[in-house]
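Read the structure below first, then the notes.
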Amino acid sequence: MDFAIADMHFWHKNIIKYDNRPFKDVEEMNEAMITNWNKVVGDDDTVYHIGDFTLTMSQSKFWEVFSRLKGKIMFIRGNHDQILEKVFPGEMVDVKMVKGNDKNFWLSHYQHAEWPDKHKGVLHLFGHSHGRQAHNFVGAFDMCANSIGYTPISLNAIVKKAEEMRLGGIT
């Protein structure tokens with residue numbers, strides 16, 4: 001199964017205050033997010049992390065978190081991922097088109113009013129806004145950790161949500 005999430009900001013102390021996150025400190029936040037992740041993601045699953053895995057993180061801190069997360073992680077670059085680029089040995093991209101549950105998804109850390117094949121039903125998953133996006137565009141979903149319960153969401157669930165919105169009169 002495939003999942004998505006953005007803006008986890010592991011080891012970022014000030015994000016607790018900035019996002020009004022319900023954690024007493026960064027250690028509690030990290031542990032809660034790792035636990036939530038591993039409750040829904042299996043070893044064979046893929047998680048698209050749509051930017052800002054952290055703000056600052058040493059190589060040892062990165063591996064301390066990364067090694068505990070289940071599944072294969074595909075990183076879409078965020079504005080705070082300069083440190084991640086130095087410690088992560090795999091590929092990072094700015095945007096990515098993926099297919100899940102017979103639906104295409106365009107992943108970008110930044111919200112866009114227009115995205116490739118929007119008129120053909122491609123869904124846009126983004127981060128960066130921390131739940132404070134300036135515009136709500138039909139077919140665009142805020143995947144910021146604080147907007148989705150600090151837990152990756154399956155692409156299947158996103159497709160279902162998009163269909164519910166369409167059936168509810170939002171097209």
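About its Cα centre, what dipole magnitude does the chain give when the only charges are +1 on Lys and Arg Cβ and -1 on Asp and Glu Cβ, stated in debye to the nearest 20?
About 220 debye.
Can you give the calculated 222 nm mean residue ellipticity of the chain, where each DSSP H run of n ≥ 4 adds -39,500 (n - 2.57) and the sum is split over every residue, rounded to the nearest 500 deg cm²/dmol?
Value at 222 nm, helices only: -8000 deg cm²/dmol.
Assuming R0 = 41 Å, what is the FRET efficiency of E164 and D43, from their Cβ-Cβ distance, to the nearest 0.05?
Efficiency at R0 = 41 Å is approximately 0.85.
Between rounded, prolate and oblate, where does the stretch 58-108 land on the alpha carbon gyration tensor, with a ≥ b ≥ c its root eigenvalues, rounded for a/c under 1.5, else prolate if a/b exceeds b/c?
Oblate.
Rounded, prolate or oblate: which fits the stretch 85-165 when a ≥ b ≥ c are the square roots of the eigenvalues of the alpha-carbon gyration tensor, with rounded for a/c under 1.5 and prolate only if a/b beats b/c?
rounded
Pull up the cross-link candidates among the lysines for K118, meaning alpha carbon to alpha carbon under 16 Å and not fewer than 8 places away within one chain.
K96, K99, K103
Each reported figure results from applying straightforward, stated rules to the coordinates on display, with no laboratory input. On a predicted model such as this, the values are computed, not experimentally measured, just so you know. Cβ atoms come from the backbone with ideal geometry, glycine included; neighbour counts cover every protein chain shown.
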